[in-house]
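Working notes for the structure below.
Read-outs: derived from the displayed coordinates by stated rules, not from any lab. This one's a predicted model, so the numbers in the text were calculated from it and none came from an experiment. Cβ coordinates were reconstructed from backbone atoms using ideal geometry, including for glycine residues, and neighbour counts include every protein chain displayed.
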Amino acid sequence: MAAQRHAEIAGAGFAGLTAAVALRQRGWSVRIHESNREVRALGAGIFIWENGLRILKAIGAYEEVVQGAHEAITYETRRDGSLIAEYTFTVDKGTRMLTMTRQHLYSALLRAAQREGVEIMTNSEVIGATPAGTLKTADGLSFEADLVVGADGVRSKVRDSLGLLQERNVYQDGIVRVLTPRLKRELGPGNWDHVIDFWNMRSRPLRILYVPCNEQDLYLAMMAPVADREATATPLRTHIWIAAFPQLAPVIRRLRVGGRYDAYETTKLIRWSSGKVAIVGDAAHAMTPTLGQGAGTAMMNALALAVALERQPSTNRALQEWEERERPLTELTQDCSAQIANERRLSRWDVDTLRTANHVPTGTEGFGPLVTR
Ligand SMILES: Cc1cc2nc3c(=O)[nH]c(=O)nc-3n(C[C@H](O)[C@H](O)[C@H](O)COP(=O)(O)OP(=O)(O)OC[C@H]3O[C@@H](n4cnc5c(N)ncnc54)[C@H](O)[C@@H]3O)c2cc1C
């Protein structure tokens with residue numbers, strides 16, 4: 001019998017947890033190092049498209065995610081108070097899109113990891129790794145593995161310790177993300193179960209993506225240019241946002257949290273691996289959130305990594321094959337998202353922008369379309 005292979009993973013985010021579960025399902029022993037004192041999701045809400053839902057199915061988290069997520073039938077785009085476009089997600093087009101709180105998604109992934117017996121070390125800050133398969137932590141410890149996974153986010157220390165970063169870009173816009181009560185009745189007439197993309201181009205470019213997450217929680221992604229000191233200030237200067245989006249005044253007025261402004265950032269690497277170390281998720285390919293595919297591609301590449309290592313016994317070859325297979329679509333998604341962000345293009349859902357959502361990810365070929373309504 002072949003000896004059990006062992007993986008050390010940096011980061012218990014969406015990429016790290018998915019990689020951990022997928023490797024455990026294939027017989028690996030897995031330990032995750034998380035620098036935070038507790039495991040939890042940061043941010044407010046999230047879109048998970050059909051491709052991401054298929055990954056959740058593969059790692060046993062799908063049913064739990066669907067319970068308590070929201071499925072908007074329609075995505076509206078409104079500019080300066082007028083309806084510009086309406087996209088309806090239909091069963092025959094095959095595209096599913098669920099919205100939910102980040103914590104909801106995270107809890108389901110965490111429970112899947114716990115069920116699979118993944119070990120998670122909190123308060124364990126990774127400072128780097130070697131191509132030979134050693135992961136090093138800030139408290140002076142070294143961990144040997146057959147595979148090290150750098151899933152430690154956009155500022156990845158694993159990636160940087162191996163000199164893999166090729167490009168980092170910061171964009172003209174960014175977002176404050178908040179969760180707030182739905183207040184459907186106070187919002188007045190209209191279908192407030194839709195996802196609604198509000199743009200204001202009159203006085204200053206501002207955008208609020210209105211995203212129901214469940215019956216109680218509403219996610220607002222509030223976009224403003226980096227250069228707009230007033231609109232990017234937190235705690236939010238709500239009068240600016242109410243003036244631009246009077247329809248949303250009841251919810252904006254009730255915003256209590258300070259929030260945090262994050263400028264859009266992207267990363268590109270020279271290679272996705274070095275020796276026995278693979279880089280996955282935002283550490284490898286952070287993207288602007290304009291297609292809602294950062295976590296989707298992170299989870300796709302994490303599952304595909306485990307599948308590649310199952311199909312190809314040589315780790316080096318498996319990592320090369322993994323990158324050759326998965327990187328083109330990820331970069332297409334990244335480039336498409338960046339272009340939309342650069343042009344401040346109003347959302348348009350078509351063959352190009354739904355390419356990633358409609359992709360059948362590696363390791364999920366056996367599933368039919370997932371019907372959730
Ligand atoms: C405004 C905005 C909106 C977005 N909306 C969507 C969306 O709707 N849909 C979607 O699919 N994606 C979306 N994304 C992208 C998505 O959030 C990311 O792509 C996703 O979180 C990446 O997951 P990850 O696990 O790679 O990284 P992260 O989520 O950053 O997780 C990294 C983990 O590693 C830990 N860590 C960091 N450094 C260390 C260290 N040195 N040692 C140990 N642990 C460490 C962190 O604490 C964290 O737990 C959005 C992003 C932004 C900015």
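In terms of Cα to Cα distance under 19 Å, which lysines are near enough to Lys157, apart from those fewer than 8 places away along the same chain?
Lys136, Lys268, Lys276
Using a cut-off of under 19 Å, list every residue of the stretch 1-36 whose amide N is near the label point 7 Å from the Cα of Glu321 along the Cα-to-beta-carbon line.
2-3, 5-6, 22-28
Express the relative contact order of the stretch 228-275 as a whole percentage, based on alpha carbon pairs under 8 Å and six or more residues apart in sequence.
It rounds to 36 percent for the stretch 228-275.
With a cut-off of 8 Å between alpha carbons and a minimum separation of six or more residues, what is the relative contact order of the stretch 5-137 in percent?
35 percent
What is the packing order of peptides 266-279, 146-159, taking the mean over residues of other C-beta atoms within 10 Å and listing the highest first?
Averaged packing, sorted descending, gives the order 146-159, 266-279.
Rank the residues Ser29, Ser82, Ser124 as a footprinting-exposure proxy: fewest other Cβ atoms within 10 Å of their Cβ go first.
Ser82, Ser29, Ser124
Give me the one-decimal nm value for the distance between modelled label points at Thr88 and Glu265, 7 Å along each residue's Cα-to-Cβ direction.
Between Thr88 and Glu265, the simple spin-label model gives 4.2 nm.
For helix 14-25, what angle does its Cα long axis make with the longest principal axis of the chain, in degrees from 0 to 90 and rounded to 10?
Its long axis makes an angle of about 40 degrees.
Show me the trypsin sites (Lys or Arg not before Pro) within the stretch 165-208 that DSSP assigns to loop and that have at most 12 other Cβ atoms within 10 Å of their Cβ.
Sparse-neighbourhood loop trypsin sites (Lys or Arg not before Pro): Arg202.
Taking the chain as the reference, fit the longest principal axis to its C-alpha atoms, fit the long axis of helix 315-343 to the helix C-alpha atoms, and give the angle between the two in degrees, 0 to 90, nearest 10.
Helix 315-343 sits roughly 10 degrees off the main axis of the chain.
Hey, what's the Kirkwood Rh for the stretch 75-196 if you take every pair of different alpha carbons, in angstrom?
Taking every pair of different Cα atoms in the stretch 75-196, averaging 1/r and inverting gives 19.7 Å.
Beyond 11 Å, what share of the Cα-Cα pairs of the stretch 127-167 remains, rounded to the nearest whole percent?
Counting every Cα pair in the stretch 127-167, those more than 11 Å apart make up 62 percent.
What number, in nm² with one decimal, is the all-direction average of the projected area of the convex hull of the alpha-carbon atoms of the chain?
The number I arrive at for the chain is 17.9 nm².
In percent, how large is the relative contact order of the stretch 114-217, given Cα pairs closer than 8 Å and 6 or more residues apart?
Taking the mean separation of contacting Cα pairs over the length of the stretch 114-217, I get 16 percent.
Lysines within cross-link reach of Lys184: Cα-Cα under 24 Å, excluding same-chain residues under 8 positions apart?
Qualifying lysines at Cα under 24 Å: none.
Arg253 to Ser29: extension gain in nm, 0.36 nm per residue of separation minus the Cα-Cα distance?
75.7 nm
Express as a percent, rounded to the nearest 5, the fraction of DSSP beta bridges in the chain (both residues included) that run antiparallel.
Around 70 percent of the beta bridges assigned by DSSP in the chain are antiparallel ones.
Under a 5 Å amide H to amide H cut-off, with H placed in plane at 1.01 Å, what residues pair with Glu125 once short-range neighbours are removed?
Ala138, Asp139
For the stretch 1-156, taking Cα atoms only, what is the radius of gyration to one decimal and the Dmax to the nearest whole Å?
18.6, 66
Report ³J(HN,Hα) in whole Hz for each residue of the stretch 261-278, in order, from the Karplus equation J = 6.51 cos²θ - 1.76 cosθ + 1.60 where θ = phi - 60°; Gly and Pro get x.
Once rounded to whole Hz, the list reads 8, 10, 5, 5, 9, 10, 10, 9, 10, 5, 9, 8, 8, 8, x, 8, 10, 10.
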